[in-house]
Amino acid sequence: WYQRRVRGHSFFKRSNSTTFLGCPAPDPFSTPLSEALPLADKPHLLTSTARKEDLFGAPVSHQDFSSNLPGISSYSQPCPVFANLQAVIPGLQPYNNNFLNPILPFIPHSDAAYEYSAINGPACVDNLIGRWRLCTELFGRIFVDELGSDKDSVLAELGGFEVKEARFRREMEKLKSSQQRDISLEVDRERGLLLPQALTQMNSVYEKRQVTAGFKCPALAVHRVKVSFKDEPGEGNGIAKSFYTAICKAVLSNEELPSLANILPKREGKKIKDKKDKKDDDKKSRTTKIITTGTKDNKKQLNSEAREFVPSHLLEESDSRSLIPHKQTLGDRLYPRVSKYYPTHAAKITGMLLELSAAQMLLLLANESSLKHFVDEAYKVILANGGEAEPMDTSGGPSEPQTEEESDLSPLFFQPDKAGFYSPRTAHNSPERINCYRNIGRFIGLCLLHNHILPLPLCRHVLKIIIGKKISWHDLAFFDSVLYENLRQLVIDAEQNPGQIEKYELTFELEGEDGRGPIELVPNGATIPVTAANVYDYVRLYTKQKLIGTARPALRAINEGVSDVIPRSSLAGLTAEDLRLMLNGSGRSV
């Protein structure tokens with residue numbers, strides 16, 4: 001009973017955009033990622049004409065009612081209506097189910113029919129819609145303009161991406177044509193000048209327009225964006241597209257940000273600074289306490305006497321140096337990543353890391369910056385115990401932690417798992433840095449308004465926050481497939497062998513990223529062990545922390561930036577995949 005209840009939590013349910021009308025949602029844990037969410041494993045599957053089955057797995061069919069009802073074999077011939085549906089609806093496969101299957105539960109043939117209804121549940125509207133899915137999709141595509149004008153209408157979803165894009169473009173064209181104002185920007189192409197100049201000018205325009213725009217439309221909803229590069233002739237859509245490409249290249253760079261000291265308007269900058277100063281002392285003491293605690297715990301748990309790890313391909317059969325299968329597999333995954341930093345001591349450092357708790361191991365596998373922090377700590381322990389320095393280590397040891405000022409100039413985005421998809425990078429979130437994210441949201445809004453491609457491929461959960469959708473468990477698969485599979489397997493282990501999970505020594509406390517110290521998922525989380533009874537709560541809180549966590553201010557700023565340009569209501573009928581196609585393009589892998 002408890003398992004059914006917690007599995008039914010809204011966080012573990014798939015959103016409507018990843019399920020099929022009238023079909024039950026698949027189990028959130030039993031199916032591997034490659035089968036449950038093919039799009040998360042193969043992002044190139046997303047195109048404007050992609051079928052939902054190819055993106056989010058085959059629909060779960062309702063039980064074939066005819067197998068439970070006697071005397072109906074004569075009605076088992078396929079319906080000829082479905083024979084030509086593929087020609088009518090491009091991209092859809094012929095439906096194989098029997099013609100009378102949708103209405104069989106209502107035919108009182110015998111006591112068997114009543115028995116089926118009583119045991120397995122009464123026939124419902126979902127069963128009917130599921131059996132007639134292709135017909136409803138055809139109906140949605142043909143009559144969406146007449147009957148689907150309401151944004152909450154199911155017909156808008158049935159119409160597919162083309163229908164929703166056409167409606168969105170009409171709204172944007174109406175908004176754009178109602179404006180007489182333009183935005184004019186003059187910038188340099190060089191990254192060190194481009195970002196400060198673009199952000200400063202966008203903030204200045206917003207300050208002026210906010211006073212005059214009123215509540216009728218967003219402040220930055222404009223008829224046109226005029227961009228000119230200094231010492232370069234030309235102005236128009238081509239230059240604007242080149243500007244957006246240059247901006248995306250600048251914000252996605254792994255280099256440090258240029259100085260952002262003067263990008264905020266004076267009035268806004270003073271207001272934020274005064275607010276920040278009131279809490280500065282409390283924040284500083286709290287931050288110092290957390291960092292100190294985290295560093296102490298890390299050093300205490302890294303054992304210089306740990307045995308060196310031997311990769312599986314170097315082990316012989318029945319080799320005494322081999323570890324238990326689970327530890328050996330983890331070591332095989334960690335060893336090549338550690339070798340990138342300290343190849344001479346890779347075996348020793350990997351052995352030290354394998355003695356960490358299971359919660360820390362999950363973090364190391366999922367987050368490169370956290371792995372680097374622990375590897376650096378292990379290297380320091382080796383040097384402190386008489387170990388030799390790396391031959392190429394001319395600095396005498398790993399780099400020191402970044403200061404707050406250095407962290408705020410760190411890159412704005414990082415790639416958590418799949419190459420080419422980005423999420424906001426955790427930092428100290430100064431007003432200037434948060435303003436960067438807000439302006440990125442404004443550029444997203446301007447590209448949506450003027451139908452420009454923006455080469456900024458964001459992770460799925462970021463797109464969902466932009467369109468105002470709730471984050472769910474399945475979004476983790478698109479953020480970090482390795483962590484998703486680890487947590488999914490953790491739930492399966494807890495269900496199949498409840499006593500085994502306690503041996504993992506997990507608690508409701510996570511190691512902070514970049515060595516920032518522990519993060520408690522619940523009050524006093526360090527003292528609460530993860531058991532089979534609360535593993536679902538652990539997975540839910542863990543996922544929320546990874547997807548949002550300390551990046552919440554940046555995500556909120558991006559959302560607000562989009563709303564500075566286009567109304568929130570215009571995004572209500574879109575899905576994350578719809579938004580990706582409109583921003584990143586529908587004719588190529590995104």
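Listing for the model above:
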read-out	value
Inter-residue pairs, beta-carbon under 7 Å, first within 15 Å of residue 446 (Cα to Cα) and touching a residue at least 24 places away in the same chain (Cβ under 8 Å) and in region 220-240, second of a type in the set (Gly, Ala, Ser) and open to solvent by 10 Å² or more (accessible area, probe 1.4 Å), 6+ apart	226/184
Close pairs from region 300-315: first of a type in the set (Lys, Arg), partner at pLDDT 85 or above and buried (at least 16 other Cβ atoms within 10 Å of the Cβ), Cβ under 7 Å, at least 6 apart	307/351
Test: residue in region 558-567 that is among the acidic types (Asp, Glu) and without any contact (Cβ under 8 Å) to a residue 24 or more places away in the chain	no
Residues (farther than 16 Å from residue 30 by Cα, in a helix (DSSP H, G or I) and not acidic (Asp, Glu)) located in region 461-481	461, 462, 463, 464, 465, 466, 478, 479
Test: residue in region 510-523 that is at pLDDT below 90, touching a Pro at 6+ places or on another chain (Cβ under 9 Å), open to solvent by less than 30 Å² (accessible area, probe 1.4 Å) and in a strand (DSSP E or B)	yes
Test for residue 490: is it open to solvent by less than 30 Å² (accessible area, probe 1.4 Å), of a type in the set (A, V, I, L, M, F, W, C) and either under 20 Å from the mean Cα position of the chain (by Cα) or modelled with pLDDT under 85 (or both)	no
Candidates 72, 89 - the one that is surrounded by 14 or more Cβ atoms within 10 Å (Cβ to Cβ), modelled with pLDDT under 65, in contact with a Leu (Cβ under 6 Å, 6 or more places away or on another chain) and not charged (D, E, K, R)	89
Test: residue in region 245-260 that is of a type in the set (A, V, I, L, M), open to solvent by 50 Å² or more (accessible area, probe 1.4 Å), at pLDDT 60 or above and over 28 Å from residue 518 (Cβ atoms)	no
Criterion violated by residue 205 - all others in (1) touching a strand residue (DSSP E or B) at 6+ places or on another chain (Cβ under 6 Å); (2) open to solvent by 20 Å² or more (accessible area, probe 1.4 Å); (3) within 26 Å of residue 578 (Cβ to Cβ); (4) not aromatic (Phe, Trp, Tyr) satisfied	(3)
Test: residue 18 is at pLDDT 75 or above, surrounded by 14 or more Cβ atoms within 10 Å (Cβ to Cβ) and closer than 24 Å to residue 470 by Cβ	yes
Residue match in region 335-346 (condition: open to solvent by 60 Å² or more (accessible area, probe 1.4 Å), modelled with pLDDT under 80, over 31 Å from the mean Cα position of the chain (by Cα) and farther than 30 Å from residue 247 by Cα)	no
Test: residue in region 304-313 that is β-branched (Val, Ile, Thr) and either surrounded by 13 or more Cβ atoms within 10 Å (Cβ to Cβ) or at pLDDT 75 or above (or both)	yes
Subset of region 2-15 that is open to solvent by 30 Å² or more (accessible area, probe 1.4 Å) and assigned to a helix (DSSP H, G or I) - its residue that is modelled with the lowest pLDDT	2
Region 414-443, residues that are open to solvent by less than 10 Å² (accessible area, probe 1.4 Å) and hydroxyl-bearing (Ser, Thr, Tyr)	423, 437
Near pairs, Cβ below 7 angstrom, 6+ apart or cross-chain, from region 331-342 (under 14 Å from residue 373 (Cβ atoms)) to any residue that is open to solvent by 20 Å² or more (accessible area, probe 1.4 Å)	341/372
Those residues of region 21-53 which are of a type in the set (D, E, K, R) and either buried (at least 18 other Cβ atoms within 10 Å of the Cβ) or at pLDDT 85 or above (or both), in sequence order	35, 41, 42, 52
Residue check for residue 449: assigned to a strand (DSSP E or B), buried (at least 22 other Cβ atoms within 10 Å of the Cβ) and of a type outside the set (S, T, N, Q)	no
Test result for residue 505, modelled with pLDDT under 90 and open to solvent by 40 Å² or more (accessible area, probe 1.4 Å)	yes
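The values are calculated or read from the model by the stated rules, or taken from the named source; none is laboratory data. Here the structure is a predicted model, which means the values were calculated and not measured. Note: ideal-geometry Cβ built from the backbone for every residue, glycine included; neighbour counts use all protein chains shown. Accessible surface areas use protein heavy atoms only, side chains included; no ligands, DNA or RNA. Shrake-Rupley method; radii C 1.70, N 1.55, O 1.52, S 1.80 Å.
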